[in-house]
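Heads up, the thing below is written out as structure tokens.
The values are calculated or read from the model by the stated rules, or taken from the named source; none is laboratory data. What you are looking at is a predicted structure, and each value in this text was computed from that prediction instead of being measured. For neighbour counting, all protein chains shown are included, and Cβ atoms are generated from backbone atoms with ideal geometry for every residue, glycine included.
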Amino acid sequence: MQKIQAVGIDLGTTYSCIAHLNEHGEPVTIPNQEGELSTPSVAMFDGAEVIVGTEALRHAIVNPRNVVQHAKRFLGKPNFRWEIDGRYFTPRDISAFILKKLLSAAEERIGPIESAVITVPAQFSDLQRQETIAAGKQAGLKQVDLINEPVAAALCYVLGAEGMWFAELAEEQRILVYDLGGGTFDLSLVKYQKDEVNVLASGGDLKLGGIDWNSKLQATIAEQFFGEFGVNPANDPESLQYLANEVEQAKRSLTVRPKTTMACQVGSQRKTYQITQSQFEQLTKGLVEQTTSITRALLKDNGMGWAHVDVVLTTGGSSRMPMIRDALKQASGTTRNLSLPPDQSIAHGAAYYSGMLLSNREYAESILTSEAASRLAKMKQHSVNARSLGFLVRDQSGQQRIPHYILPANTKLPASVKHTYGTVSPNQRRVHLKLIESGASQDEPFVILGNCVVEGLPADLPVDSKIEVLIEYDAEARVHVSARDCTSGKEAEIEITREQNLVQQAPEGAKQESPASPPSAVDSEPLLLDDILDQAESVSQPQQKRPVPESQPVSPRPKPATRGLDSSERPVALCNQCGEPQLGPPAADCPTPDKHAKGALSSRQPRPQKKQRKQQPPQRGAQNSQSTRKQKAGTRRSAANPPAGKNQTQSKSASQIDAAEDEFWDLLEDA
């Protein structure tokens with residue numbers, strides 16, 4: 001019987017790494033086929049061949065249009081794709097190619113790998129976590145577990161870094177994990193006590209990493225070159241990629257040297273520039289302040305100061321920069337802990353976690369010795385959710401939808417909470433809930449994870465009948481929802497349909513096309529990589545301006561009458577103590593009146609009514625309303641589906657049309 005390997009993978013924005021535990025429970029980094037311990041997270045497409053790693057990065061200058069980098073930043077955007085030679089690839093596909101590269105190199109050394117732990121930023125949403133799992137399965141894994149990157153670094157520190165495996169920490173410690181990688185900034189406050197690692201709070205920024213330091217220097221050099229020669233390197237893909245590579249090398253040199261040189265070239269025009277550490281620090285001062293500001297806010301929000309932190313643990317390749325070292329020392333008053341290898345510690349921590357999972361599975365026949373398995377089985381880790389979780393509900397007046405979070409951020413995982421919602425119409429047979437997570441930061445809006453439809457409610461339920469909803473985060477911060485009708489005690493059927501049209505605006509340099517076929521749901525069985533390539537090969541070469549195919553509707557729409565029913569099915573949140581609407585005044589005997597909104601939202605002034613027309617008979621009025629809805633819906637459909645000859649940019653996206661349609665029905669109900 002083939003013994004199971006404990007494998008951990010750090011899937012990074014710029015570089016990725018894979019490690020495993022040997023029989024003694026020691027983490028060992030597995031080099032790729034080129035002998036490198038870290039593999040560039042870059043994919044190049046050369047006809048039917050996919051090349052991943054340093055070779056792809058080296059050819060990026062010659063053929064930048066066929067190279068994809070930084071795919072991790074776009075995970076969770078289902079309609080986001082890169083077009084390469086008429087083929088389309090999603091961020092999940094690119095991530096799967098990178099994982100396949102790592103796994104194939106590892107299998108040459110340790111044998112077949114069917115399960116692995118993949119690290120993700122603590123700020124990743126549920127949708128981004130599901131995409132990461134799907135990418136692992138596309139790469140050939142049968143079982144994929146997740147762990148937050150700062151937690152993995154903490155496990156590596158607690159269980160021992162290189163040369164200190166299973167070294168016991170002498171006492172309880174509060175550890176601040178400062179993880180500045182190539183594309184993300186992760187921060188976690190961790191408490192260690194014997195055989196247990198507990199995350200107290202987490203924070204960070206998904207759009208702050210080493211590539212942002214590169215962008216500052218790259219933009220400055222490009223601007224100076226343009227001023228001297230009148231040619232902008234950003235307008236030529238080859239020149240821009242050459243400059244990007246020079247900037248990366250300059251940043252690395254400035255980590256160990258006070259100054260360095262780099263070149264910029266466009267055609268026959270070329271110039272070499274000298275960059276000093278102080279110049280680079282001045283250019284990126286705002287980015288450093290951003291990381292320290294997030295760090296101070298995390299401590300303040302949890303009632304702590306730097307005096308409560310015993311160890312400042314840095315990891316991630318970008319944490320090597322001298323400006324980061326100096327900023328942390330100035331802010332904390334202590335020297336950062338350098339015991340972890342910045343590029344490999346997260347993969348090592350993931351391998352430790354994989355060993356912990358195997359040691360706690362009775363059926364697993366792992367490679368670990370009984371002593372190593374026993375040591376790992378005793379170790380426990382508890383993370384927290386980085387985002388609040390809840391539903392989008394109507395306020396008491398029914399005039400607007402607002403977020404209602406019932407599971408706050410930084411709750412210890414796994415966690416679950418029950419909340420009661422009330423029906424809003426008589427004889428309501430189902431409840432329609434929009435599942436949401438808060439944004440990655442306070443400045444970002446909430447994210448809709450999907451639609452939850454509670455089916456099978458008993459007949460003849462009165463208004464405000466109670467529906468108890470149970471919402472759960474599992475240990476890996478994945479979401480599960482169930483519901484129960486309080487009147488009959490019946491467990492209601494619930495289905496989560498994930499949103500596929502929530503696409504944020506594409507950044508510069510990336511292409512976002514209308515899909516040739518509707519994207520599959522995250523929960524569906526993922527395609528293997530060979531199937532992806534075969535499917536991509538079958539896509540014909542697109543025209544320069546490619547219209548939306550006539551056979552594909554822009555967005556599926558229910559009938560107008562059904563849309564009106566859905567609007568009435570969205571529930572009102574009730575107080576779990578007194579049963580009154582939570583966004584209205586509390587009952588006289590409510591033990592938690594502070595949980596109510598004191599009627600602030602429900603006391604809004606109604607919208608001014610238009611001059612009433614002569615009253616029509618009810619039947620005719622209903623017919624007129626229905627015909628008006630059909631006419632409006634027909635107008636929207638014709639506007640949303642222009643003739644094939646029109647420019648594609650004139651058609652609205654599915655999310656815009658759906659939002660406009662929701663607003664239309666709200667206004668119609670209010671009228």
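Residue-wise test of (1) over 34 Å from the mean Cα position of the chain (by Cα); (2) surrounded by 20 or more Cβ atoms within 10 Å (Cβ to Cβ); (3) outside the structural domain of Pro342 (by TED's automatic domain parsing); (4) under 17 Å from Ala331 (Cα atoms).
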site	(1), (2), (3), (4)
Pro258	yes, no, yes, no
Tyr273	yes, no, yes, no
Gln277	no, no, yes, no
Lys285	no, no, yes, yes
Thr295	no, yes, yes, yes
Trp306	no, no, yes, yes
Val311	no, no, yes, yes
Thr315	no, yes, yes, no
Worksheet entry | Output for the stretch 55-90, where each listed residue is surrounded by fewer than 18 Cβ atoms within 10 Å (Cβ to Cβ), on the phi > 0 side of the Ramachandran plot and under 26 Å from the mean Cα position of the chain (by Cα) | none
Worksheet item: Looking at (1) part of a strand (DSSP E or B); (2) under 32 Å from the mean Cα position of the chain (by Cα), which is the only condition Gly182 fails?
Response: (1)
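On the given criteria, is Thr39 hydroxyl-bearing (Ser, Thr, Tyr), closer than 25 Å to Asn235 by Cβ and either touching a strand residue (DSSP E or B) at 6+ places or on another chain (Cβ under 8 Å) or free of Cβ contacts under 8 Å to residues at least 60 places away in the same chain (or both)? Spell out how you get there, then give the answer.
Working: hydroxyl-bearing (Ser, Thr, Tyr): yes; closer than 25 Å to Asn235 by Cβ: no; either touching a strand residue (DSSP E or B) at 6+ places or on another chain (Cβ under 8 Å) or free of Cβ contacts under 8 Å to residues at least 60 places away in the same chain (or both): yes.
No: the conditions fail for Thr39.
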Discussion item. Quick check on Asp212: is it at pLDDT 95 or above, over 30 Å from Ala475 (Cβ atoms) and surrounded by fewer than 21 Cβ atoms within 10 Å (Cβ to Cβ)?
Written reply: yes
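Conditions (1) under 22 Å from Thr13 (Cα atoms); (2) outside any helix (DSSP H, G or I); (3) in contact with a Pro (Cβ under 7 Å, 6 or more places away or on another chain), marked per residue:
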| site | (1), (2), (3) |
| --- | --- |
| Lys251 | yes, no, no |
| Cys264 | no, yes, yes |
| Gln290 | yes, no, no |
| Ala297 | no, no, no |
| Ala307 | no, no, no |
| Ile324 | yes, no, no |
| Pro342 | yes, yes, no |
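Between Leu75, Leu99, which is of a type in the set (A, V, I, L, M) and out of contact with any Lys or Arg (no Cβ under 8 Å at 6 or more places or on another chain)? Walk me through how you get there before you give the answer.
On the way: Leu75 fails: out of contact with any Lys or Arg (no Cβ under 8 Å at 6 or more places or on another chain).
The unique qualifying residue is Leu99.
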Worksheet item: Does the stretch 417-425 contain any residue that is under 30 Å from Ser488 (Cβ atoms), touching a Cys at 6+ places or on another chain (Cβ under 8 Å) and among the hydrophobic types (A, V, I, L, M, F, W, C)?
Response: no
Practice prompt. For the stretch 451-483, name all the residues that are among the acidic types (Asp, Glu) and at pLDDT below 80.
Written response: Glu455, Glu476
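Can you confirm whether Glu238 is among the acidic types (Asp, Glu), free of Cβ contacts under 8 Å to residues at least 60 places away in the same chain, surrounded by fewer than 20 Cβ atoms within 10 Å (Cβ to Cβ) and not in a loop (DSSP other than H, G, I, E, B)? First the steps, then the outcome.
Values: among the acidic types (Asp, Glu): yes; free of Cβ contacts under 8 Å to residues at least 60 places away in the same chain: no; surrounded by fewer than 20 Cβ atoms within 10 Å (Cβ to Cβ): yes; not in a loop (DSSP other than H, G, I, E, B): yes.
For Glu238, the condition - among the acidic types (Asp, Glu), free of Cβ contacts under 8 Å to residues at least 60 places away in the same chain, surrounded by fewer than 20 Cβ atoms within 10 Å (Cβ to Cβ) and not in a loop (DSSP other than H, G, I, E, B) - is not met.
If a residue must be in contact (Cβ under 8 Å) with a residue 40 or more places away in the chain, surrounded by fewer than 21 Cβ atoms within 10 Å (Cβ to Cβ) and farther than 22 Å from Ala297 by Cα, how many such residues does the stretch 167-196 contain? Please lay out each step first, then the result.
First pass over the stretch 167-196, keeping only residues in contact (Cβ under 8 Å) with a residue 40 or more places away in the chain: 173-190, 195-196.
Checking which are surrounded by fewer than 21 Cβ atoms within 10 Å (Cβ to Cβ) leaves us with 173-174, 195-196.
Subsequent filtering for residues that are farther than 22 Å from Ala297 by Cα retains 195-196.
Selection size over the stretch 167-196: 2.
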Worksheet item: Considering only residues of the stretch 458-468 that are of a type outside the set (Asp, Glu) and out of contact with any Pro (no Cβ under 9 Å at 6 or more places or on another chain), which is surrounded by the most Cβ atoms within 10 Å (Cβ to Cβ)?
Response: Lys466
Worksheet, complete the sentence: All-but-one check, Ala377 against (1) more than 23 Å from Ala201 (Cα to Cα); (2) surrounded by fewer than 19 Cβ atoms within 10 Å (Cβ to Cβ); (3) not assigned by TED's automatic domain parsing to the domain that holds Glu26; (4) not hydroxyl-bearing (Ser, Thr, Tyr), failing number (3)
Worksheet entry | Members of the stretch 443-470 found to be part of a loop (DSSP other than H, G, I, E, B) and touching a residue at least 12 places away in the same chain (Cβ under 8 Å), listed by number | Phe446, Gly456, Leu457, Pro458, Ala459, Asp460, Leu461, Pro462, Val463, Asp464, Ser465
Worksheet item: Quick one: in the stretch 423-450, which of the residues that are at pLDDT 80 or above and of a type in the set (Gly, Ala, Ser) is surrounded by the fewest Cβ atoms within 10 Å (Cβ to Cβ)?
Response: Ser425
Worksheet item: Limited to the stretch 412-442, what total is found for residues that are within 16 Å of the chain's Cα centre (by Cα) and assigned to a loop (DSSP other than H, G, I, E, B)?
Response: 5
